[in-house]
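Chemist: Just dropping this structure here.
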Amino acid sequence: MLYFINFGMPDYKSGIEHAELKRLRLFEQHDYPCKIIIHDWSRDLHATAARAGVDDQHLLSMFDYFQKTVSVPQQRVTVTDIDLGISNPQLVKDGPNHRYLVSRPDGRLLARVNYDEENNEQVTSVELFDGYGNLYRVDIYDSRGFRTLLQWYSPDNKIDNEEWVTPDGQVVMRAFHKFNAQGKLVTTGWWLQDHKQLVHQFATLDQLFAYFLNVVNEKGQNTFILDRSLLADDALIHLDRPAYTVMHLHNSQAGNAQDPLHSVLNDNYEYALVNINKYSAYICATARQTKDVITRFHPTCDMYTIPVGIVPESQLKAPRVPESQRIFGKIIAVARIAREKNLGALIKAVEIAHDRVPEVTLDLYGYPDSANNYGEKHKLTKLIHELNLTDVVTFKGYTSNVEAVEDRAQIFGLTSVMEEFNLSIMEAISHGVVGVTYDVNYGPNDIIQDGQNGYVVDYGDYQALGARLITLFKDPALMQKISDGAYDSARRYSPDNVWQGWKKLIDTAKERLKGVE
């Protein structure tokens with residue numbers, strides 16, 4: 001079995017989740033068994049995964065495994081289905097807060113039953129109160145309709161410990177919490193009773209996850225692809241049984257992507273890179289990154305170059321949208337509103353273009369990074385006002401229908417500090433959108449071929465980027481030619497071409513594990 005390791009599958013997905021989903025479809029097309037292993041607990045995991053097209057057969061959550069809920073039929077649970085231990089409880093609907101207030105016959109509050117208003121009042125949690133009005137426990141319900149987590153509260157109204165239960169109520173996992181020296185409530189330990197009724201204790205969730213990976217690999221011979229390094233970078237190099245372990249670099253290995261051979265390492269990959277030869281293999285998304293990793297670290301493990309993006313055949317064969325049917329002057333960027341995306345430089349380039357071509361507008365698609373109280377979005381908003389671009393630059397938020405956006409736009413702008421591949425610009429060229437990007441490692445300066453499917457300007461030179469925008473908008477014939485080139489270049493990321501890289505990895509893994517006990 002081949003496993004991809006990630007923290008979860010949220011509705012708001014990063015490029016890593018989008019890459020995993022495309023990869024999953026590719027493996028399904030070739031009937032190769034694979035699953036996404038999930039590290040974190042979430043009551044909504046199966047709901048959000050289903051919305052992304054991932055069924056239970058391709059999902060393996062650590063918590064589900066120990067709770068015996070890997071595959072559970074969906075059921076509806078409403079307030080009247082909850083047994084609160086008394087006869088004839090009094091129910092009062094508190095619609096604005098999406099809950100029911102449940103009282104004892106003498107009027108004292110017994111529970112607050114919270115529900116999902118958009119899902120037929122499916123119960124999400126039950127808050128339980130003692131006879132003196134103290135909250136003592138909150139029962140969390142899985143989106144599939146069963147009690148999954150019990151949170152016990154201390155007298156000071158803080159979570160004291162948590163218990164994960166099976167559908168029949170057996171406690172199989174516990175997390176304990178205490179205040180640290182800074183007064184912050186932290187998890188201090190984990191307790192597990194496994195399927196053999198053996199009890200284990202772990203100091204951290206990562207130690208518990210390492211144990212789980214060994215359970216998954218109990219018979220050996222599996223392949224693990226680690227998509228988020230910090231979840232299991234140590235665990236994978238200490239498995240008890242033989243496995244083919246692969247670190248997938250989803251970002252620059254260097255802290256300064258423009259100086260990959262000398263700068264400090266990216267914190268997320270430092271441990272894995274120091275221990276590079278303890279893994280079976282590494283995957284990079286571009287040949288340029290593979291070359292830089294080899295030059296700096298001299299690995300003896302297997303090295304693969306496999307694009308993280310895949311353009312489906314349906315898109316490669318779709319009718320092409322001519323420039324005459326697109327919105328003239330429309331520039332888009334699809335990215336988190338985060339510091340490393342450096343969108344301020346793109347906004348400055350758009351100002352330059354707008355001065356010469358008044359029809360120019362920029363739409364920013366992506367959810368804002370919450371760091372520093374959404375500091376980057378505030379910073380960009382201020383810049384937009386300072387440059388008098390409030391009618392030109394628009395925050396559009398996260399969209400799950402980016403294809404429709406790309407079929408109307410003319411140019412995709414990218415000015416990131418670093419990238420590992422950038423799915424968004426790959427998807428954009430498959431829709432005929434012209435890419436204009438900084439010469440940034442890695443991905444954009446491989447995906448965009450200067451003068452063929454877009455333009456690459458020197459890193460940091462937003463004036464040059466603005467000039468390229470003006471050239472394209474002033475020359476409709478050139479814009480159409482480059483758009484045609486964008487469509488043509490997307491063939492590099494066809495399912496067949498990307499599968500060749502994965503097929504090589506699969507075949508090598510089988511060969512490496514042959515006869516290994």
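All of the numbers you see were taken from the coordinates with simple rules; none came from a lab. Computed from a predicted structure; not experimentally measured. Counting neighbours? That spans all protein chains shown, and the Cβs are built from the backbone with ideal geometry, glycine included.
Chemist: I need the shape label for the stretch 338-471. Rule: rounded when a/c is under 1.5, else prolate if a/b > b/c, else oblate, with a, b, c from the alpha carbon gyration tensor.
Modeler: rounded
Chemist: Percent of alpha carbon pairs in the stretch 393-517 separated by more than 25 Å?
Modeler: Distances greater than 25 Å cover 33 percent of the Cα pairs.
Chemist: Given N residues in the stretch 1-92, what is Rg(Cα) / (2.2 N^0.38 Å)?
Modeler: Expressed relative to 2.2 N^0.38 Å, the Cα Rg reads 1.38.
Chemist: Still on this structure, please answer the following. What are the residues whose amide H is under 5 Å from the amide H of Val417, where those residues sit 5 or more places off or on another chain and H is modelled from the backbone?
Modeler: Amide H neighbours of Val417, under 5 Å, 5+ apart: Lys341, Asn342.
Chemist: Follow-up question, since we're still on this one. For the stretch 40-81, what log10 I(q)/I(0) values come out of the Debye formula at q = 0.16, 0.21 1/Å, with one point per alpha carbon and no solvent?
Modeler: Here log10 of I(q) over I(0) equals -0.45, -0.72.
Chemist: Calculate the translational D of the stretch 79-202 in whole µm² s⁻¹ from Stokes-Einstein, where the hydrodynamic radius comes from the Kirkwood formula applied to all Cα pairs, the temperature is 20 °C and the viscosity 1.002 mPa s.
Modeler: 134 µm²/s
Chemist: Listing Phe179, Phe412, Phe473 from the residue with the fewest other Cβ atoms within 10 Å to the one with the most, what is the order?
Modeler: Phe179, Phe473, Phe412
Chemist: Quick one: length gained pulling Val70 to Gln480 fully straight, 0.36 nm per residue minus the C-alpha distance? Working shown, then result.
Modeler: Details: separation 410, 0.36 × 410 = 147.60 nm, distance 5.03 nm.
Here the answer is 142.6 nm.
Chemist: Along the Cα→Cβ direction, 7 angstrom out, place labels at Val357 and Arg512. What is the inter-label distance in nm?
Modeler: Each label point is offset 7 Å from its Cα along the Cβ direction, giving 4.7 nm.
Chemist: Determine, from the Cβ-Cβ distance of Lys178 and Tyr32 and an R0 of 41 Å, the FRET efficiency 1/(1 + (r/R0)^6), rounded to the nearest 0.05. Each step should come with its number before you reach the end.
Modeler: Details: r = 45 Å, r/R0 = 1.10.
With R0 = 41 Å, the Cβ-Cβ based efficiency is 0.35.
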